[in-house]
Amino acid sequence: MIEPQIETAQTIELISADVKSSGLDKMRVVGGARLKGDIPISGAKNAALKHMCAALLTDEPVQFTNMPNALVDVRTLAQVLNHLGMTVALRSDGVAILRAKEITSHIAPYDLVRKMRASVIVLGPLLARHGQAEVSLPGGCALGGRPVDLHIQGLKAMGAEIEIEGGYIKASAPKGLHGAEISFPKVSVGATENLMMAATLAKGDTILKNAAREPEIIDQGEALIKMGAKIEGLGTPEIRIQGVTSLNGAVHSVVPDRIETGTYMCAVGLCGGDVRLKNTRMDFLTALIGRLEEAGIEITQDGNDVCVHRNGSKLKGVDIMTEPYPGFPTDLQAQFMTMMTLCEGAGMITETIFENRFMHVPELVRMGADITVQGQSALVRGVPKLHGAEVMATDLRASVSLILAGLVADGETTINRIYHLDRGYENIVDKLGQVGAEIERISE
Ligand code: EPZ
């Protein structure tokens, strides 16, 4: 049953509508400061977005705390969900209350989906609850083709009829979804989440083999269990879901953002200093932390905080290769590469998840980095100094890697097209400013 402290969504002002991306804003960073102080870590974007979609599975209100409500991605998804009939309240204190009392539309239109490809995650829950879903195909993005074939094949195995027509995934399950055994040919975070949600309301048992194991998926599964779902095997490659007839409301706190945490760890690695990352965990960053320690950075957990320290010694060159969790996260590759630009010797960075995730390289080279890309690997030879320049951000993690470069470069760096940053880093100017960085947003 629903917990009593849930407020009804209708009483809260909907602040999700009408969010404007900051379009042409720029960021100005002046390099040179050591970082010292506290940085609060937000709830994980990539968990929060999926939790919001999971609220489609019940007609009762669902409440999340520690939500990164300021992010443009959260607000864009709120618009998608609102379009489907969900009331969404995003409060400035990090609480989100969502209620899909009725599904009033089963169409996620191109105009909204093109702003954020994660919108495809509404497909599974919409189909499971409503028996019908039309979701615009997300198309490619800066990271490459990014197909959604695994989502579609999985839902078909669960009994959905699916056609691609006019750029839309048109799915229906007139007799409801049924359980299935699905073995993913490659690990996919999004497909695991989409099918796990769909399976909660399917008839019978579903087994997801070669499932993704990211902490955000465990968090999503735990929230679904609070909503009444029957799920076992979270965090392992085999997730088993026993379908139930309905789900209920619940209250859940979003797991801390490990990618934001790792980004600020790399910032301290580059700039040196002492920073306490508040309200986060190091246990789900084992692959990153191992490499940071090799490079010469000290990291310790202190209660709910993680302390990061580097003295003035030179960073050592370290190799990394991105892999599905628990391997090194692709979402921290660009930040780690920026750190390696100043290392002693060289570091080899190999990207295995996305075909096109070296867009930051030419921009770092313009700032004086020595990087050679060969296929999926980049050899980064350390240089004594980066130099401020005007650079262009191409995706979320590439953008933040350029901010990090600016923090250590000589003089001034201007980063253009920073709307990518607004999608995934809450209050980055304040967070870096309060540990001593010279950073400001310039509105056009
Ligand atoms: C999630 O994307 C994250 N996004 C990404 O974060 C993250 O980089 C990625 O997982 C990997 O960790 C969200 O959670 C919203 P995948 P997702 O399905 O689910 C291929 C960021 O910066 N694939 O695990 O889309 C795919 O092309 C973002 O916050 C298929 O071939 O990633 C890729 O090569 C960027 N067919 C690989 O699998 C499919 O049907 C892994 O993708 C699905 C995926």
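The values are calculated or read from the model by the stated rules, or taken from the named source; none is laboratory data. The structure displayed is predicted, hence computed values, not measured ones. Every residue, glycine as well, gets a Cβ built from its backbone with ideal geometry; the counts of neighbours run over all protein chains shown. Areas reflect the complete protein model, heavy atoms only, side chains present, ligands, DNA and RNA absent. Shrake-Rupley method; radii C 1.70, N 1.55, O 1.52, S 1.80 Å.
Could you list, in sequence order, the residues of the stretch 355-413 that are in contact with a helix residue (DSSP H, G or I) (Cβ under 9 Å, 6 or more places away or on another chain), within 22 Å of residue 431 (Cβ to Cβ), small (Gly, Ala, Ser) and open to solvent by less than 20 Å² (accessible area, probe 1.4 Å)?
Within the stretch 355-413, 393, 398, 399, 401, 405 qualify.
Could you identify the single residue in 352, 330, 338 that is open to solvent by 50 Å² or more (accessible area, probe 1.4 Å), within 16 Å of the ligand (Cβ to nearest atom) and modelled with pLDDT of 95 or more?
Matching residue, one of 352, 330, 338: 352.
Look through 161, 165, 102 and report the one residue that is more than 29 Å from residue 331 (Cβ to Cβ) and at pLDDT below 95.
165
For the list (1) in a helix (DSSP H, G or I); (2) under 20 Å from residue 251 (Cβ atoms); (3) open to solvent by 10 Å² or more (accessible area, probe 1.4 Å), I need the number of the one condition that residue 79 fails.
Against the list (1) in a helix (DSSP H, G or I); (2) under 20 Å from residue 251 (Cβ atoms); (3) open to solvent by 10 Å² or more (accessible area, probe 1.4 Å), residue 79 comes up short only on (2).
Let me confirm something: among 115, 170, which residue is of a type outside the set (S, T, N, Q), assigned to a strand (DSSP E or B) and open to solvent by 60 Å² or more (accessible area, probe 1.4 Å)?
After ruling out the rest, the residue left standing is 170.
Here are some residues: 310, 281, 291. Which one is surrounded by fewer than 19 Cβ atoms within 10 Å (Cβ to Cβ) and at pLDDT 95 or above?
281
Any idea which of (1) within 18 Å of the chain's Cα centre (by Cα); (2) outside the structural domain of residue 125 (by TED's automatic domain parsing) is the one residue 305 doesn't satisfy?
Unmet condition: (1).
Which of the numbered conditions does residue 188 fail, given that it passes all the others? Conditions: (1) away from the ligand (no atom under 12 Å from the Cβ); (2) open to solvent by 10 Å² or more (accessible area, probe 1.4 Å).
(1)
Here are some conditions: (1) among the basic types (Lys, Arg); (2) more than 30 Å from residue 309 (Cα to Cα); (3) away from the ligand (no atom under 16 Å from the Cβ). Residue 209 meets all but one. Which one does it not meet?
Looking at each condition in turn, residue 209 falls short on (3).
Only one of these conditions is not met by residue 284: (1) touching a strand residue (DSSP E or B) at 6+ places or on another chain (Cβ under 9 Å); (2) under 26 Å from residue 376 (Cβ atoms); (3) away from the ligand (no atom under 14 Å from the Cβ). Which number is it?
Result: residue 284 fails condition (3) only.
Would you please list the contacts, defined by Cβ atoms under 6 Å and residues six or more apart or on different chains, that run from a residue in the stretch 184-201 that is in a helix (DSSP H, G or I) to a residue that is of a type in the set (Ser, Thr, Tyr) and more than 7 Å from the ligand (Cβ to nearest atom)?
From the stretch 184-201, the pairs are 199/206.
Suppose the filter is free of Cβ contacts under 8 Å to residues at least 24 places away in the same chain and in a helix (DSSP H, G or I); does residue 293 pass it?
yes
Within the stretch 209-219, can one find any residue that is polar (S, T, N, Q), part of a strand (DSSP E or B) and more than 30 Å from residue 437 (Cα to Cα)?
No, because not a single residue in the stretch 209-219 is polar (S, T, N, Q), part of a strand (DSSP E or B) and more than 30 Å from residue 437 (Cα to Cα).
Output yes when any residue across the stretch 223-230 is open to solvent by less than 10 Å² (accessible area, probe 1.4 Å), in contact with a helix residue (DSSP H, G or I) (Cβ under 8 Å, 6 or more places away or on another chain) and outside any loop (DSSP other than H, G, I, E, B), and no when none is.
Taking every residue of the stretch 223-230 in turn, at least one turns out to be open to solvent by less than 10 Å² (accessible area, probe 1.4 Å), in contact with a helix residue (DSSP H, G or I) (Cβ under 8 Å, 6 or more places away or on another chain) and outside any loop (DSSP other than H, G, I, E, B).
With the stretch 329-444 as the region, which helices (runs of 4 or more DSSP H) entirely inside it contain at least 1 residues that are farther than 27 Å from residue 39 by Cα?
Where helices (runs of 4 or more DSSP H) fall fully within the stretch 329-444 and carry at least 1 residues being farther than 27 Å from residue 39 by Cα, they are 361-366.
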